[in-house]
Amino acid sequence: MTFSVRIAVRGYELDTQGHVNGAVYHQYGDHARWECLRAAGVTAAGMRADGISPVTLENTIRYHRELREGDEVEVTCGFVWGEGKTFRIVQEYRRPDGELAAEVSSVGGLLDLRERRLVPDPAGRWRALAADPAPLGL
């Protein structure tokens with residue numbers, strides 16, 4: 001299952017060329033990831049109570065088409081789980097007609113807030129916290 005959320009581009013998010021500022025793509029991606037967690041029933045308060053917090057270790061953006069004021073963009077969020085302490089999140093930013101505007105690939109982990117180290121099984125920790133782990137690909 002790939003989760004997605006639609007976002008409207010706002011005028012204050014534009015750069016001097018009139019298209020979405022590069023930093024805003026990161027904000028759109030963060031918003032989609034938090035909405036995906038919310039859809040799974042994972043909350044920031046629940047994670048803090050469990051002593052963990054998500055961390056982003058790497059973000060790579062590949063731009064395909066510019067987004068401008070008044071555009072809408074569908075941002076997907078797909079988790080790719082492996083064996084280690086990190087996981088990958090792949091995101092596509094698509095216009096309503098399906099045209100690909102950008103792709104973001106992120107590497108993340110779950111930080112143990114007491115030890116200040118990544119937890120060894122992030123998928124297992126989120127599976128335990130989630131009311132519905134399907135949006136997380138679990």
Within the stretch 45-78, DSSP-loop trypsin sites (Lys or Arg not before Pro) with at most 15 other C-beta atoms within 10 Å are Arg65
Computed over the chain: longest principal axis from alpha-carbon atoms vs helix 22-39 long axis, angle to nearest 10 degrees, is 50 degrees
Summing -39500 (n - 2.57) over every DSSP H run of at least 4 in the chain, dividing by its residue total and rounding to the nearest 500, the 222 nm mean residue ellipticity is -7000 deg cm²/dmol
Of the accessible area of the stretch 1-101, computed with a 1.4 Å probe and all protein chains kept, carbon and sulfur make up a percent value of 47 percent
Length gained, Asp112-Arg88, 0.36 nm per residue minus C-alpha separation, equals 6.8 nm
Residue span Asn59 to Arg95: 0.36 nm per residue of separation minus Cα-Cα distance leaves a gain in nm of 10.8 nm
Residue-normalised value, i.e. accessible area per residue, for the stretch 12-125 at 1.4 Å probe, in Å², stands at 54 Å²
Sorting Val104, Val80, Val55 on solvent-accessible surface, 1.4 Å probe, most exposed first, gives Val80, Val55, Val104
Here Rg/Rh (Cα, Kirkwood) for the chain equals 1.00
Counting only protein heavy atoms and leaving out ligands, DNA and RNA, the solvent-accessible surface of Ile61 at a 1.4 Å probe, in Å² to the nearest 10, equals 40 Å²
Label model pair Asp132, Glu69: point-to-point distance (7 angstrom along the Cα→beta-carbon line) in nm is 3.7 nm
Share (percent) of C-alpha pair distances in the stretch 76-138 greater than 14 Å works out to 62 percent
Counting only DSSP loop positions in the stretch 19-113, the GluC sites (Glu not before Pro) whose Cβ has at most 15 other Cβ atoms within 10 Å are Glu66, Glu69, Glu83, Glu99
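The values are calculated or read from the model by the stated rules, or taken from the named source; none is laboratory data. All values derive from a computational prediction rather than experimental measurement. Cβ: placed from backbone, ideal geometry, glycine included. Neighbour counts: every protein chain shown. For the accessible areas, the whole protein counts, side chains as well, though only heavy atoms, and no ligand, DNA or RNA atoms are used. Shrake-Rupley method; radii C 1.70, N 1.55, O 1.52, S 1.80 Å.
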